[in-house]
Amino acid sequence: MALLEVKNVGKIYGKKGTASATEALCQVTFSVERGEFVAIMGDSGSGKTTLLNILGSLDQPTDGSVFLDGRDLSTLAKKQISKFRREELGFVFQDYSLLNNFNNKDNILLPLVLSNTPQKEMQERLMAVVAPLEIQDYLTKYPYEVSGGQAQRIAVARAIVTYPKLLLADEPTGALDSSSSQSLMRIFQTLNQNYRQTILMVTHSVAAAANAHRVLFIKDGRIYNEIYRGEDNNVRFEDRIAKSLTLLNGGSLHD
Amino acid sequence: MTKFKTYFKLARKNMKSMGNIRIPYVVATGLAFSILYIFIALIDNAYIRERAEFLVRLMMAGAVIMGVFVAIFYLYTSRFAFSQRQKEFALYAIYGMEGRDVGLILAVETVLNSLLILALSTGVGFLLGKVLFVLLNRLLQYDDVRLSAFPFSTKALAINAGILVALAVVLIIWNLFSLNLDRPIEQLRQDKSGLKQRKSYGQVILGVLGLGLILTGYQLARSTFNIVTSVFVFVIATILVIIGTYLVTNNILALIFKGLRSMKGLYYKPSNFISFSGMLYKLRSNTNSLASLAVLSTGVILVVAVSCGVYISLEDSLKSNYPQDYKLDLVFDEDQHGQAKEEIKTQVLALEKDLEASPYFKNVHRDSQMICPGSISQDKELVLEVENNLLTGYLFLFHNVDAYNKMFDKDFAIASDELVVGANNDEILKGLDTLKIGDKTYKVKRAELSIPSIYAIDTVKILVAEDDVLQDIARNYLENVQETENQVFKPALVRTLNFDVEDAETVPEGEVEKIVENELRDSGENYSMDVGIRDQHRQNIYELNGGILFVGIFLSIVLILGVFLVIYYKQVAEAIQDQSQVSIMQAVGLENELILKITKKQMRYLFIWPLILTFSHVVAAYPITWKAVSMLVAPQSKTFLRSYVLAGVLLLLVYFIVYELSSGTYYRLVKHE
Ligand SMILES: Nc1ncnc2c1ncn2[C@@H]1O[C@H](COP(=O)(O)OP(=O)(O)OP(=O)(O)O)[C@@H](O)[C@H]1O
Ligand SMILES: [Mg+2]
């Protein structure tokens, strides 16, 4: 069974049938296997963030259902949702979303503290994520005292310190320059290959998407296309993604 | 011109969109200025001017203090609004506006604001002023007032307008200078950077310094100083405590939470984790408003307590000066210089009978008192100093114990070698168990005694067993007196008769004088007399002191407005800071309820702190304000304490109501995101 199953999910903002209603998602169906690294691409306003929010139980679909590890998210009671979000999911946002009132170390520990993790275990888990992310030097600093790339790595550390089943990332490289983006993508690759971390990442960057096993294309709230990496290397995969994007935008491949 | 029109439009739009900050600002400053209007109008008022000269002077002082407060509020609130708008200015800069343009928009806004405040304050001031004019006259016990006696005051309008123009100029210049459009990106991120936690050792030094200043101030307020110098001491103590309050608030609180944070076992618990670091974050900025709250709240309590204390002590004070309707003071030359004679005693007894026999008077009570300046030496001896300068000496009031008991419903019983001693400054009597007067040594019983307030200096009251002892003392004490030019107080043995009237309306003018002259004409004594009528005196003291309550009420209203503004703006500032934090915490998996619970708790802790400081300051200030009030009236410690309790309750009420009201705004803003 797949880790994540999305079945006929639809989302309408505003009251149905009124003029102000926006259909952000429609009949979205796909699944993600354990250990898979999936990228989602699409135009601005196509519904990527909406989808990710629904998967992360930050928002409810108006239609269809989402199963994580066989469990229907819509059956979670309100109280369970926070716990579920904390323990089974990891989030990385475009704007890092670190709390300025904590230093970086405490930002990383936040979800563990909330789950009443014993101190010793917290320390061990912290050490385990610090090494691959190379954030040793920034732990005692505050989020506003480090660069964007460093902050994003802290945010990734916070997202994975709970060993989540699924790591959700919404344009994690959106605010980073190309070298920081590359290093972040290398980290995602490592997490995925060495720790079998399942990752679902929204991105506008072809280069970033080329790190994934599979790319889903969304257009006007619907899944439009998906391509697999197969045996391709990053460069060739990048090329194919770029071509698919052009098609998605209704362009021709020859101009 | 079209450019100006655009600015006007933009300014008006901005003002509309900042309702949360601007409406309370206009209302509060408008009210503050209306109070200023009323004050100036009252000072300018012909009716008041004719009747209460002293009050006019008092109100002028009040108006100056209020003017300063109002100006501070105006600048504080305007600058608060300014600081909340950094992002907006940064966006203007990014869109390519120049400093001059933004400055113009701000200037237009300031002018519009000022006009609004002027209109509001004049309207409210004029109407409210009529009501308060009547109230003031009630307090002064003038009964025949008409509303038309409080006409519109163009002078008050002009002065208010002048102040507003001056403040607007200051504000516009200040804003222009602090407008920084060179680094808009930094401005956009302003809430995230530039607010680094201070280093701990610096905080320890400043915090300890602050504590030291506060304690020094407290000590000063308690220590022995003469009543005349105590005004100066009070000012110094106040300044020390205010500075200390800011230092302590800015440093000690943060240190406490840093300490808590370093206790790992305690810190890494879900709710502590969030609340400790949340507190530390909040404490990096805006702690000045907490300190300001403490200062303002202390001001409210002291002003209310002192002005009410004075007012409700007026009757007590009157009673201690005039135990009955009439008071006849007689000073016989022979009595002075220790040559007290039996004849005088007999004559006074005869006079007592005459008064009792008069159809107009009744209930005659005899009394004798002696007033003399002096001091108490190291070996507990009373030293007479007629040339004494009042900064170092005291005034001694000797009083017959029976007369005192009757007058104040007490039952002091003393032997002829004993004295009951009380003072309006406890320090004087420290360790005094015996007192030597002339060649006699008396045992001293300490007690709290009612001391007439007409003497604005340290006063010692001594009750003696009987008139003979008084004469004894007079002989021993006064016989060496030689009158000199520089004498401030004449030592005097005063024989007093207190009595009531049958019907105040029917007493013929000069009736008492007539009776006295009839009795004493043939005795050949040299004497002088003074007839005091309580109702006339009442008029005087209400005129003198009723205004203090009035000024006090107004001053406290202005201070309460300040408390309101600071609490409100603090909440708004917190809310704006907390908005982004709350949404992140939700995304990371924190229950909404927990977040709200914790923020509620944090806000409560934050706002309890100024109250703790306030009550500590008030307790420390009690003795010195007691002394200050004793200068004006003769308060009973119970009544005075009651007015303190009243003031404290009033402040708590205002504080919590404003807190609750403004926390509604807080939650609305936080949840909005
Ligand atoms: N809270 C909301 N209320 C109403 N409409 C919304 C809301 N959030 C998003 N939308 C609408 O839903 C659609 C999808 O928005 P979404 O944020 O998912 O797009 P996106 O693919 O993430 O775009 P981008 O790449 O720009 O981030 C858009 O048309 C948007 O206007
Ligand atoms: Mg998006």
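The values are calculated or read from the model by the stated rules, or taken from the named source; none is laboratory data. Because the structure is a prediction, the values reported are computed rather than measured. Neighbour counts run over all protein chains shown; Cβ positions are idealised from the backbone, glycine included. Surface accessibility is based on the protein's heavy atoms, side chains included, excluding ligands, DNA and RNA. Shrake-Rupley method; radii C 1.70, N 1.55, O 1.52, S 1.80 Å.
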TODO: Quick one: Debye curve from the alpha-carbon atoms of segment B:215-330 only, equal weights, vacuum; give me log10 I(q)/I(0) at q = 0.15, 0.21, 0.22, 0.23 Å⁻¹ to two decimals.
DONE: -0.86, -1.13, -1.17, -1.21
- [ ] Could you work out the per residue convex hull volume over the alpha carbons of segment A:180-255, in cubic angstrom?
- [x] 103
- [ ] Note the full-extension length gain between B:Glu502 and B:Ile205 as 0.36 nm times their separation in residues minus their Cα-Cα distance, in nm to one decimal.
- [x] 99.8 nm
Task: Under-5 Å amide H pairs with B:Phe361, H placed in peptide plane, nonlocal only - done: B:Glu502
TODO: Could you give the spread of the C-alpha atoms of segment A:58-126 along their three principal axes, from largest to smallest, in whole angstroms?
DONE: 40, 28, 18
Task: Cα-projected label distance for B:Glu50 with B:Asp439, points at 7 Å along beta-carbon direction, nm - done: 6.4
TODO: Send over the per residue convex hull volume for the protein assembly as shown, Cα only, as a whole number of Å³.
DONE: 234
Open item on the list: Compute the orientation-averaged projected area for segment A:94-207 from the convex hull of its Cα atoms and round it to one decimal in nm².
Closed with: 6.7
Open item on the list: Which lysines, if any, have their Cα less than 16 Å from the Cα of B:Lys430, not counting same-chain residues under 8 positions apart?
Closed with: B:Lys380, B:Lys443, B:Lys445, B:Lys461
TODO: Write down the radius of gyration of chain B and its Dmax, each obtained from C-alpha positions, in Å.
DONE: 32.0, 104
- [ ] Can you tell me what the convex hull of the Cα atoms of segment B:533-673 projects to on average, as an area in nm²?
- [x] 10.5
TODO: Equivalent ellipsoid semi-axes for segment B:495-574, as square roots of 5 times the alpha carbon gyration tensor eigenvalues: give them largest first, rounded to whole Å.
DONE: 56, 14, 8
Open item on the list: Taking every DSSP beta bridge with both residues inside the protein assembly as shown, roughly what % is antiparallel (nearest 5)?
Closed with: 65
Open item on the list: What does the extension gain come out to for B:Arg538 and B:Lys13, with contour length at 0.36 nm per residue minus their alpha carbon separation?
Closed with: 183.2 nm
Open item on the list: Calculate the FRET efficiency for B:Leu652 and B:Ser178 from the Cβ-Cβ distance with a Förster distance of 41 Å, rounded to the nearest 0.05.
Closed with: 0.65
- [ ] Go ahead and run the numbers for FRET between A:Arg236 and A:Tyr13, Cβ-Cβ distance against an R0 of 60 Å, rounding to 0.05.
- [x] 0.95
TODO: May I ask you to evaluate 6.51 cos²θ - 1.76 cosθ + 1.60, the Karplus curve with θ = phi - 60°, for each residue of segment B:314-319 and list the ³J(HN,Hα) values in order in whole Hz, giving x for glycine and proline?
DONE: 4, 5, 4, 5, 4, 5
TODO: For helix B:2-17, report the angle its Cα long axis makes with the longest principal axis of the Cα atoms of chain B; keep it between 0 and 90° and round to the nearest 10°.
DONE: 70
- [ ] Pairs of Cα atoms under 8 Å, at least six residues apart: use those to get the relative contact order of chain B, whole percent.
- [x] 21
Open item on the list: Quick check: the angle from helix B:99-139's long axis to the longest principal axis of chain B, C-alpha only, nearest 10 degrees?
Closed with: 30
- [ ] Could you give me the percent of Cα pairs per 5 Å distance bin for segment B:1-157, shortest bin first, beginning at zero and ending with the bin that holds the maximum distance?
- [x] 2, 8, 15, 17, 14, 11, 9, 8, 6, 5, 3, 1, 0, 0
Task: DSSP-assigned coil residues among GluC sites (Glu not before Pro) in segment A:1-64, each with at most 16 further Cβ atoms within 10 Å - done: A:Glu33
- [ ] With a point put 7 Å past each Cα toward its Cβ, work out how far A:Thr190 is from B:Leu215 in nm, to one decimal.
- [x] 5.4
Task: Semi-axes of the equivalent ellipsoid for segment A:4-248, Cα gyration tensor, largest first, Å - done: 29, 23, 16
- [ ] Return the sequence-ordered ³J(HN,Hα) values of segment B:656-670 in whole Hz as given by the Karplus equation 6.51 cos²θ - 1.76 cosθ + 1.60 applied to θ = phi - 60°, using x for Gly and Pro.
- [x] 6, 4, 4, 4, 4, 4, 6, 6, x, 4, 4, 5, 4, 5, 5
Task: Estimated [θ] at 222 nm from DSSP helical runs (n ≥ 4, -39500 (n - 2.57)) normalised by residues in chain B, nearest 500 - done: -23500 deg cm²/dmol
Open item on the list: Please enumerate, by chain and number, the aspartates and glutamates with C-alpha under 14 Å from the C-alpha of A:Lys219, excluding those fewer than 8 residues away in the same chain.
Closed with: A:Glu23, A:Asp43
- [ ] Convert 20 °C to kelvin, take the viscosity as 1.002 mPa s, use the Kirkwood radius over C-alpha pairs of segment B:65-116 as Rh, and evaluate the Stokes-Einstein diffusion coefficient in µm²/s, rounded to a whole number.
- [x] 173
Open item on the list: Just to confirm the number: angle between the C-alpha axis of helix B:154-178 and the first principal axis of chain B, 0 to 90 degrees, nearest 10?
Closed with: 40
Task: For segment B:251-313, fraction of C-alpha pairs farther apart than 15 Å, in % - done: 63
TODO: Would you mind listing how long segment A:164-205 runs along its three principal axes, going by Cα atoms, in whole Å with the largest first?
DONE: 27, 17, 13
TODO: Estimate for me the total accessible surface buried between chains A and B (protein heavy atoms, probe 1.4 Å, no ligands or nucleic acids), in Å² to the nearest 100.
DONE: 2400
